[in-house]
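Written below as structure tokens is the structure these notes are about.
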Amino acid sequence: MSISTSPRVRSAAPALGYLAGIRTVFGLEIRQRIRNRGWYIMLGIWFVVVAAVVGLAALSVGEDGFGAGQVMFELVIAFVLFFGMLIAPALSANSITGDRANGTLAILQNTLLTPGQLLWGKWLASWVASLGFLVVTIPLIGWAMTYGDVYLPAAPVLLAMLAVELGIVCAIGVGVSALANRTLFAVMVTYLLVALLGLGTLISYGLSMQLVKTDVNVSNQVWPETYMNGDFPGDWDENNYTCEDRTYVQETFATERITWLLAANPFVVVADAAPRSPAPEDSSMFAEAGPMGAISEGVRYSQAGPEFQIPCLNGVKNTALPPTPAPLWPLGLGIQVLLAGGIVAAGRNRLRTPAGKLAAGTRIA
Amino acid sequence: MESAVTVPGRAPGQRQDLGSGITATGLARSFGAVRAVENIDFHAAPGKVTALIGPNGSGKTTLLLMLASLLRPDAGSIRIQGIDPTADPRAVRAVLGWMPDTLGFWESLTSREILTTVAALYGIGKAQARVRAAELLEVVNLGELADTPARVLSRGQAQRLSLARALVNDPSVLLLDEPASGLDPGARVQLRTLVRQLADSGKTVVISSHVLVELDEIADAAVFLSRGKTVRSQSLAEAGAQSRGYTIASLDLEMLRVALAEANFEAAYRGNLENGGGSAKLKLTGEVQAGELLGRLAGAGVPVTAFAPTSGLLEETYLSLEDEMP
């Protein structure tokens, strides 16, 4: 038996292609994940939970048949996003701390692999693993599609943005994992960062309300007499009103100045990126929207500010429709990419060998 | 591992390009307030097995991590086959095989997959990686367990897999951190044979171990560390020349005592309780003197049943160093 390769190999310059290295790490990670039975159990529980929620939505919304599909579809998106935020940190934040604990990280570092290749491979693997949770909901999305009222141009955008958001959470997780020494710590920090995006944006928006408090002069709306009858037969026109002359001061919030605080919220990014379904021609019907549509609507209302929210401003009837606001999601996505990129870059620094500074209590191998 | 004697593709006795082995001078490294390595000079020659010996916490593993290009020394310089690992770690890793003291494996992968994955990370092509993995699994006697997940391997088996992993890139410099721990006696003999072969084929081999008797048999040179410093570097030939303790056992302690006294040796005697036999412990200046003394005792008709060094060569040095320490 040989204990060395042929001399031909020895003379060849050692080389590991950048993509080949990433592919090997990716394969290594994915193989370990798919051999883990817990992973399949999690997928199964996941499917049952989402199916139950979507089924209940179908029961309650679908009485008259119309609108149920859109609501169900958006529910699936919202749920995958919500639970993805919970699952993706757990899937990604152990990827490097786990190797540290097992003593396999040093083995990888002692090959021709660079820290960058290691991080790319780990990130891709955890992203693909979390996309698995989106893939198992495909039957439920298909079910929603059978209702025929899903606004089709928005569907691929919602799905793509959802995948991007999962990728960002995974990048944060892998980056934190490269920085941390213990898996538990890495998972917790990742959860906190995800919470910062998901809840922190909402809290800062809410608290900032006080800073943009303004006083405006408003007056009461006066509706035509006929509208006051209980059995008004005609079409209701919400712009058919006049304003009283007597104005009074009302406290309101210039939300258009603080809406950007919501930008980095994953739900806002996904909802804001999707094109909106056009208003139905029959004005008595309004477009049925699920949770994502509602978020998108809310953000635009907040972007418009009091100028477009108050029907009688300074005693003047105000029916101006807000201009289509600038999309908020590029800002949000930019903030998220910067955050994730910064953490991953710091993690890459930490993975460089030969290692200079080490945190107290660290063993390399 | 016995089957690993021949090296195809290389005529018997033909050696690899030797290179310059490992040279490290003035190494220092601390972790916070702990000065793990204070001042280490280390040289390991190609084609030789160099033993790294020292008590727990003397800096052996830290030194090996620095040599393996994973840890940056605070001071001092390292050359592995002439390459500086802090300046060009990738070039060093291409020629280096490192077997860590902690066993780490991807537990759900099989032994074969682990070896082919590591091979891929050295840029070895798929087909070649498969051949290489099969070869190495035979070399370390894991052929039967090649396709079982690594988590079922026993400690000794995992140790052998770890050695195979260190050999994947056919390194010219091999660093083995406690390779024999957890191995059964048979596997230890095999490991010794393999390490000898690897060194004979021109590789630079560094072994750290606590089992000094074992190192006696494979090491060509030894470097002793204590509290992060090199306290002695010697070849085994030098160790053989130094004065060391011998134990002589005889069926007749009184005759032995008389014979040793005549030859002017001071010795500590211990008699057996059940008969007149017993043993003597004494210091001899070297192997030549030992040979002469044995001849003399035999000539005087002393019934000698055992005549041997009290401890192994390296152990002797190790213990003498401990005596010197404050």
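No lab work stands behind these numbers, since they all come straight from the coordinates. Since this is a predicted model, take the numbers as computed values, not measurements. Positions of Cβ are backbone-derived with ideal geometry, glycine not excepted, and every protein chain shown enters the neighbour counts.
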Practice prompt. Grab the other residues whose beta carbon is less than 15 angstrom from that of A:Leu81, score K and R as +1, D and E as -1, and report the net.
Written response: -3
Worksheet item: Which helices count as membrane-span-like in chain A under these terms: full DSSP H, at least 27 Å along the axis by C-alpha, Kyte-Doolittle mean of 0.0 or more?
Response: A:37-61, A:68-92, A:115-135, A:154-179, A:329-351
Worksheet item: How large, in Å, is region B:2-237 by the Kirkwood hydrodynamic radius built from its alpha-carbon pairs?
Response: 18.0
Discussion item. Quick check on the protein assembly as shown: of the DSSP beta bridges with both residues there, what percent are antiparallel, nearest 5%?
Written reply: 70
Fill in: Loop-exposed chymotrypsin sites (Phe, Trp or Tyr not before Pro) per DSSP, neighbour cap 14 Cβ within 10 angstrom, longest uninterrupted part of chain A
A:67-235
Discussion item. With the cut-off at 1.5 for a/c, could you classify region B:131-213 from its C-alpha gyration tensor as rounded, prolate or oblate?
Written reply: oblate
Practice prompt. First check a/c for region B:109-153, with a ≥ b ≥ c the square roots of the eigenvalues of its C-alpha gyration tensor; if it is under 1.5, answer rounded, and if not, answer prolate when a/b is larger than b/c or oblate otherwise.
Written response: oblate
Practice prompt. Output the pairs from B:Lys60/B:Lys283; A:Lys122/A:Lys357; A:Lys357/B:Lys60 with a Cα-Cα distance over 26 Å in this structure; if there are none, say none.
Written response: B:Lys60/B:Lys283
Worksheet item: Hey, if you put +1 on the Cβ of every Lys and Arg and -1 on every Asp and Glu Cβ in the protein assembly as shown, which of B:Ser201, A:Tyr191, B:Thr148 ends up farthest toward the positive end of that dipole?
Response: B:Ser201
Worksheet item: Under a straight-distance cross-link criterion of Cα-Cα below 17 Å, which lysines are reachable from B:Lys48, leaving out those fewer than 8 residues away in the same chain?
Response: B:Lys203
Practice prompt. Could you list B:Met99, A:Met72, A:Met209, A:Met145 in order of exposure, starting from the residue whose Cβ has the fewest other Cβ atoms within 10 Å?
Written response: A:Met209, A:Met145, B:Met99, A:Met72
Worksheet, complete the sentence: Per-residue average of other protein chain Cβ atoms inside 10 Å, peptide A:108-118 -> 6
Worksheet item: Add -39500 (n - 2.57) for each DSSP H run of 4 or more in the protein assembly as shown, then divide by its residues: what number comes out at 222 nm, to the nearest 500 deg cm²/dmol?
Response: -15000 deg cm²/dmol
Worksheet item: Which Cys in chain A stand alone, with every other cysteine's Cβ at 4.7 Å or more from theirs?
Response: A:Cys170
